[in-house]
Amino acid sequence: MKVKTILVSQPEPKIENSPYFDLQEKQKVKIDFRPFIHVEGVSAKDIRQQKVDLNNYTAIILTSRNAVDHFFRIAEEMRFKVPDSMKYFCQSEAVAFYLQKYVVYRKRKIYVGKRTFAELSPLIKKYKEETFLLPNTDKVKPAVPETLNALGVNWKQATFYKTVVSDLSDLANVYYDVLVFFSPSGIESLFQNFPDFKQNDTRIAVFGNTTIKAVEEKGLRVDIAAPTPETPSMTMALQKYIDKVNKGK
């Protein structure tokens, strides 16, 4: 069956040259964007109940832009003036660059990993005398606490924000040829919103092994998967699939 409509379970890209827009133009398909999950910050009261006193930490571990936003939001709510001496350990260059929204970059002690948390760990180990705070989501990848425990550093994890299922009730009678998912949370949202969801002719595109597993555990069929050596991005995987099924158009 040909593909004419695609729903991507993420916010619409803010950049004009997004490959999704190129795909839409080239293949003459309609692509809609809708976050199946969203992030909500917890209150300063919740942070106190987790026995977190921001005065007790000399270093912050930041794994995402959400972590950056919610750390500084809580600091403001608690009227905590973040000292100039605070050290920031950022999982990637993207996170470190985003940190500039809140601090004067050249005046701060900022340590940057390459991409994965494991690649950040040697920098954390180098400063193991610090007291680390990990402001994070309620759904932390197990590798993060495992890595920090293995390093033997003094650290505490706290939930500063939560991943929440979005209300998709307005999509109840809307049909798409392809649904695109990037995390198990997206699949969870689909079934919380539509407990009786049947795949039928809907194609499901997924990114990452954990998402593939979540789809299969729900008894659904994976039609398009990324990343692969041939299609390292979701847009490339969609392009290849559409090229194949829309040929007789």
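Per-structure values
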{"quantity": "Hits in region 35-59 (condition: of a type outside the set (V, I, T), open to solvent by 40 Å² or more (accessible area, probe 1.4 Å), touching a strand residue (DSSP E or B) at 6+ places or on another chain (Cβ under 6 Å) and part of a loop (DSSP other than H, G, I, E, B))", "calculated": "Q50"}
{"quantity": "Identity of the residue in region 224-249, in contact (Cβ under 8 Å) with a residue 40 or more places away in the chain and closer than 20 Å to F36 by Cβ, that ends up most open to solvent (accessible area, probe 1.4 Å)", "calculated": "S233"}
{"quantity": "Residues that are over 25 Å from the mean Cα position of the chain (by Cα) and open to solvent by 40 Å² or more (accessible area, probe 1.4 Å), drawn from region 79-96", "calculated": "R79, K81, P83, D84, S85"}
{"quantity": "Checking K141 against (1) open to solvent by 40 Å² or more (accessible area, probe 1.4 Å); (2) more than 28 Å from H70 (Cα to Cα), the condition it does not meet", "calculated": "(2)"}
{"quantity": "Cβ pairs under 9 Å, 6+ apart, first in region 121-134 and touching a residue at least 12 places away in the same chain (Cβ under 8 Å), second acidic (D, E)", "calculated": "I124/E130"}
{"quantity": "Filter result for A67 (open to solvent by 40 Å² or more (accessible area, probe 1.4 Å), of a type in the set (A, V, I, L, M) and under 27 Å from V165 (Cβ atoms))", "calculated": "no"}
{"quantity": "Enumeration of residues in region 187-223 that are among the hydroxyl-bearing types (S, T, Y) and touching a residue at least 60 places away in the same chain (Cβ under 8 Å)", "calculated": "S189"}
{"quantity": "Members of region 158-188 that are among the hydroxyl-bearing types (S, T, Y) and either assigned to a loop (DSSP other than H, G, I, E, B) or under 25 Å from M236 (Cβ atoms) (or both)", "calculated": "S166, Y175, Y176, S183, S185"}
{"quantity": "Any hit, region 141-148, residues being basic (K, R), farther than 20 Å from K28 by Cβ and not in a loop (DSSP other than H, G, I, E, B)", "calculated": "no"}
{"quantity": "Enumeration of residues in region 77-94 that are touching a Phe, Trp or Tyr at 6+ places or on another chain (Cβ under 9 Å) and closer than 17 Å to N66 by Cα", "calculated": "Y88, F89, C90, Q91"}
{"quantity": "Residue that is nearest to I37 (Cα to Cα), among those in region 11-24 that are open to solvent by 70 Å² or more (accessible area, probe 1.4 Å) and part of a loop (DSSP other than H, G, I, E, B)", "calculated": "P11"}
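The values are calculated or read from the model by the stated rules, or taken from the named source; none is laboratory data. Bear in mind that the values here come from a model prediction, so they are computed numbers and not experimental data. Cβ sites come from the backbone with ideal geometry, for glycine too, and all protein chains shown count toward neighbours. Just so you know, the surface numbers come from the protein's heavy atoms only, side chains and all, with ligands and any DNA or RNA stripped out. Shrake-Rupley method; radii C 1.70, N 1.55, O 1.52, S 1.80 Å.
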